[in-house]
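Every number in this text was worked out from the coordinates using simple rules, so none of it is lab data. These numbers come from a predicted model, not from an experiment. Because the Cβ atoms are built from the backbone with ideal geometry, glycine has one as well, and the counts that use them run over all protein chains shown.
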Amino acid sequence: MDNKQNLNKADSEIALTALLSAAVMGYPIPDFTLYPAVKFVAVSLLLLTLVRRIGIMNGLTSHNTMIQTTTYLMDPATYISFFYLSYVFIAWLSGIIGLDSNPSAAALGVGTSILVFFVFIGSEILFGSALSEGERGFSATAQQHRGEVIGAFFSQIAIFVGSRSPNKKIRQTKLSEFYERTVDEYSFDEHVQIGKSFLIMLLSFSIVALSYASLLAVGIYVFPAGGVAIILLLISVVFVSAFFRLWYSNYGLMQIENKNGYITFVGESITFFVITQMVL
């Protein structure tokens, strides 16, 4: 039964990547210098998903190294393909309303963010699964950090997201007994444990913030697009990454809470530099 379910998930990945690949090849921009590279990336998605399906047919699971490796390759390839299609759409729309048919970095950043937002809303209206999967992902991450402050933090986010889902499926479990008691009831050791856990959470969030700030600083230094445009592009990369990681988690082989955040950041960084080069 599990293998059949995994095959269905692999087929969902193939359907999405086939759509992206066909669209990229169906709307070429002759004078676009990066098009051959984007086309190669889009075609590689088909190869990666085919390899994954063959692996699942031979008994591999989402915990297999090959499945995990191809997942981390598929993510930036998916983002880059989507950004190219967004570029094509914005260029077409700009031509219709009489603007420059070559979108600027700021236009690509804003336009892609708006586009992925509407895609997200559309998927939620049609299928009602996007918010539910977000709630499930936060809940699962909270469970992975059971008994830690960051676990309680993600648990509250899961409850917040789940309460806004039409399905309202809150799948929460108690993270730790002392979270259910008042502060006065904590023992000294529990106070120490919570304090250390809180510092670890702050350190984790600081590393995330510093990583994106460093990526932004490098982008502003390397590319002459202006600080605002680079910020808008980076924000759009984060939005696109979040949406497709959620989609792959819901319909694909590897769920979002099982992905390594550092490798995900590398994929987002690659996407950021590629799409910034795309408009400069």
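Taking the criterion of being under 22 Å from LEU202 (Cβ atoms) and either aromatic (Phe, Trp, Tyr) or free of Cβ contacts under 8 Å to residues at least 60 places away in the same chain (or both), the residues of the stretch 133-151 that qualify are PHE138, ALA142, GLN143, HIS145, ARG146, GLY147, GLU148, VAL149, ILE150, GLY151. One residue stands out in the stretch 92-121 among those that are under 21 Å from the mean Cα position of the chain (by Cα) and of a type in the set (Phe, Trp, Tyr): the one that is surrounded by the fewest Cβ atoms within 10 Å (Cβ to Cβ), namely PHE118. Among the residues making up the stretch 226-262, those that are of a type in the set (Val, Ile, Thr) and either buried (at least 19 other Cβ atoms within 10 Å of the Cβ) or over 23 Å from ALA130 (Cβ atoms) (or both) are VAL228, ILE230, ILE231, VAL237, VAL240, ILE256.
Being touching a residue at least 60 places away in the same chain (Cβ under 8 Å) and not charged (D, E, K, R) is a property that does not hold for PHE198.
Does MET74 meet the test of being out of contact with any Phe, Trp or Tyr (no Cβ under 7 Å at 6 or more places or on another chain), surrounded by 15 or more Cβ atoms within 10 Å (Cβ to Cβ) and among the aliphatic types (A, V, I, L, M)? When the stated conditions are applied, MET74 passes them.
Limited to the stretch 29-56, what total is found for residues that are outside any helix (DSSP H, G or I) and surrounded by 14 or more Cβ atoms within 10 Å (Cβ to Cβ)? Count: 3. Please enumerate the residues belonging to the stretch 90-135 that are hydroxyl-bearing (Ser, Thr, Tyr) and farther than 15 Å from PHE239 by Cβ. Answer for the stretch 90-135, where residues must be hydroxyl-bearing (Ser, Thr, Tyr) and farther than 15 Å from PHE239 by Cβ: SER94, SER101, SER104, SER129, SER132. Set side by side, the residues GLU124, GLU148 differ, and just one is crowded, with 19+ Cβ neighbours inside 10 Å and either in contact with an Asp or Glu (Cβ under 8 Å, 6 or more places away or on another chain) or charged (D, E, K, R) (or both), which is GLU148.
Residue count for the stretch 3-28 satisfying the condition of being among the acidic types (Asp, Glu) and surrounded by fewer than 19 Cβ atoms within 10 Å (Cβ to Cβ): 1.
I'm checking my understanding of the structure. Among residues of the stretch 93-106 that are touching a residue at least 40 places away in the same chain (Cβ under 8 Å) and among the small types (Gly, Ala, Ser), which one is farthest from LEU280 (Cα to Cα)? Here the answer is ALA106. Would you tally the residues in the stretch 57-71 being surrounded by 15 or more Cβ atoms within 10 Å (Cβ to Cβ) and either among the aromatic types (Phe, Trp, Tyr) or part of a loop (DSSP other than H, G, I, E, B) (or both)? Looking only at that region, the number is 3.
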